[in-house]
Amino acid sequence: MKFIKTKGLIIKKVDFGEGDRIITVFSENFGKIDLLVRGIRKSKKRDQSSVDLLTLSNFTFYKKCDNFILNTIDSIDFFYDLKKDIEKLEIVSYILSIINEIVLPGERKKEFFQRIEKALYFIIKSDNYNNFIMVLKMMNWIIKNEGYRINISGEKYFSISESVITDFGNDKVIPLKRDLFEVLANVEKKVSDEKRVELSTLIDAIILYEKYINYHLDTKLNLKKHLFGGYSC
């Protein structure tokens with residue numbers, strides 16, 4: 001029997017039968033994989049925590065027929081600080097949804113995994129403004145990493161289908177307020193505290209990128225579903 005080892009983050013779980021669970025792991029070396037965990041719901045609470053959502057671990061598993069079976073798990077971080085902070089948790093929840101939508105089963109995305117791991121630790125120590133900035137920059141990276149580019153030839157309208165910010169409007173473009181354009185135009189620059197915009201403007205920018213990614217990558221990202229803390233968007 002060949003054992004496979006990898007670091008990974010649990011991004012989804014499904015309980016079935018009397019005590020089994022399938023966990024979806026975004027792994028460093030093998031992309032997104034489903035692991036069968038036998039009898040875990042009959043184990044002690046600490047063991048169950050190791051296969052809960054948002055747990056970073058080293059996994060050892062093997063393949064049997066068409067299934068990957070978990071053999072051992074060595075937990076690295078349970079991210080309790082994130083799980084008990086509702087405002088940080090909603091951002092993390094959205095990031096997990098991005099992984100689930102963007103990464104295909106078995107698709108190797110080592111750099112993306114490493115970015116996600118760094119992002120979780122960044123969220124722990126940062127305020128919500130900088131956390132939303134981080135999400136925006138991550139989405140910009142995803143757009144470029146998937147081979148797309150948003151060209152800037154103006155500042156009044158955003159054409160998702162044409163991948164351009166322009167001064168020429170029609171019924172298929174999205175009007176941009178000045179602050180929103182400034183955020184999109186400077187997304188790759190370091191943000192200083194002196195040039196902070198309204199949090200709602202950052203959220204609007206994320207939603208625009210979300211619409212762009214959904215259109216070009218055929219995904220179903222939806223930030224509004226995750227902002228249960230009361231932000232308007």
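Residue by residue, the range 167-183 carries 3J(HN,Hα) couplings of 9, 9, x, 8, 6, 10, 9, 10, x, 10, 6, 4, 4, 5, 4, 4, 5 Hz when phi is fed to the Karplus relation 6.51 cos²θ - 1.76 cosθ + 1.60 (θ = phi - 60°); x denotes Gly or Pro. In this Cβ point-charge picture (+1 for Lys and Arg, -1 for Asp and Glu), the chain has a dipole of about 880 debye about its Cα centre.
In this label model, Tyr121 and Glu18 are separated by 4.3 nm, measuring between points 7 Å along each Cα→Cβ vector.
A DSSP coil position with no more than 14 other Cβ atoms inside 10 Å describes the following GluC sites (Glu not before Pro) in the range 81-131: Glu107. Using θ = phi - 60° in the Karplus curve 6.51 cos²θ - 1.76 cosθ + 1.60, the 3J(HN,Hα) couplings for the range 61-67 round to 8, 9, 9, 9, 6, 9, 10 Hz; x is entered for Gly and Pro. Projecting the Cα positions of Gly39, Pro175, Leu227 onto the charge dipole of the chain (unit charges on Cβ atoms of Lys, Arg, Asp and Glu, taken about the Cα centre) puts Gly39 furthest along the positive direction. Considering only Phe112, Phe26, Leu202, and ranking their Cα positions along the charge dipole of the chain that arises from unit charges at the beta-carbon of Lys, Arg, Asp and Glu, the one farthest toward the positive end is Phe26.
Around the amide H of Asn71, modelled in the peptide plane, lie the amide H atoms of Thr60, Phe61, Tyr62, all under 5 Å away and 5 or more residues distant in sequence or on another chain. Using a probe radius of 1.4 angstrom, the carbon and sulfur fraction of the accessible surface of the chain is 48%. Mean residue ellipticity at 222 nm, helices only, the chain: -11500 deg cm²/dmol; runs of at least 4 DSSP H residues each add -39,500 (n - 2.57), and the sum is divided by the number of residues.
Taken along the Cα-to-beta-carbon direction at a fixed 7 Å, the label points for Arg149 and Lys64 span 5.1 nm.
The values are calculated or read from the model by the stated rules, or taken from the named source; none is laboratory data. Quick caveat, the model's predicted, so the values are computed rather than measured. No Cβ is skipped: glycine too gets one built from the backbone with ideal geometry, and neighbour counts run over all protein chains shown. The protein model used for the area step is the full one, side chains on, heavy atoms only, and it has no ligands, DNA or RNA in it. Shrake-Rupley method; radii C 1.70, N 1.55, O 1.52, S 1.80 Å.
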